[in-house]
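Derivation of every value follows stated rules applied to the coordinates shown; laboratory data play no part. In this text the structure is predicted, and so the values were computed from the model without any measurement. Every residue, glycine as well, gets a Cβ built from its backbone with ideal geometry; the counts of neighbours run over all protein chains shown.
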Amino acid sequence: MTTAMTTIEVRIPTQTVEAFFDAYRRHEVDEMVDLCTPNADFSYVPVEIWGRQRVVRGEGKVATIGKTLWTGLITSFPDLWNTVASVRAGASVEGGSVVAVEVTIGGTQASAWANISARGGSFAEPHLFVFRCHDGLIDGITAYWNNASISRQLAHLEID
């Protein structure tokens, strides 16, 4: 009698993060989400979109806010790209690992994004991503970049 064994691929944290950016480059949002735990935290610190009735911030969960923001970005910037400059891993205080990634993200705007009208402009901006990983999956994503620089590159000027 033989028993079939299921092979489960467990990636080291840097491999998981590199696979995340590969999927992002291919615009495979579902694959990006699948590299995360079901309840992974999401924080795009500079995101703040002011509407008439509310303010939307880039805080929440990967499967909800993250997926929505990534899908919207890819729709508005159909040639969205990323180039990873460095990947550095370390241990987390809570256990697991922390992976810091320096990446430049850019693209040409084809349709409105948040409160930025499409003028056919493009941007390229360095980002810092901090990933928390546990058991081969991403458990949290925090990202930082200069939003004012992106607005300037896209010829978007806000006046308070």
Q | the chain: angle of helix 13-25 to the longest principal axis, Cα-based, in degrees nearest 10 | A | 40
Q: Work out the FRET efficiency for S92 and R119 from their Cβ-Cβ distance, taking R0 = 45 Å, and round it to the nearest 0.05.
A: 0.60
Q: Would you calculate the separation in nanometres between label points at D22 and T104, each defined as 7 Å from the Cα along the Cα-to-beta-carbon direction?
A: 2.3
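For the chain, count the residues as N, evaluate 2.2 N^0.38 Å, and divide the Cα radius of gyration by that value, please.
Values: Rg = 17.3 Å, N = 160, 2.2 N^0.38 = 15.1 Å.
Here the answer is 1.14, to two decimals.
Less than 10 Å Cβ to Cβ from D22, Lys/Arg counted +1 and Asp/Glu -1: what total charge do the surrounding residues give? List each step's numbers first, then the result.
Working: positive: R25, R26; negative: E18, E28, E31.
So the surrounding residues net to -1.
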Q. Helix 67-76 sits at what angle to the longest principal axis of the chain, using alpha carbons and giving 0 to 90 degrees rounded to 10?
A. 50
**Q.** In Hz, Karplus ³J(HN,Hα) per residue of the stretch 136-149 (6.51, -1.76, 1.60; θ = phi - 60°; x = Gly, Pro)
**A.** x, 10, 7, 10, x, 10, 10, 9, 10, 6, 8, 5, 5, 5
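Only helical DSSP H runs with n ≥ 4 go in: add -39500 (n - 2.57) per run for the chain, normalise by residue count and round the 222 nm mean residue ellipticity to 500 deg cm²/dmol. Could you put the intermediate results ahead of the total?
Values: 4 runs with 36 residues, N = 160.
So the calculated ellipticity at 222 nm is -6500 deg cm²/dmol.
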Q. Does a label point 7 Å from the Cα of W81, set along Cα-to-beta-carbon, have any residues of the stretch 103-134 with amide nitrogen under 16 Å, and which are they?
A. 103-110, 121-127
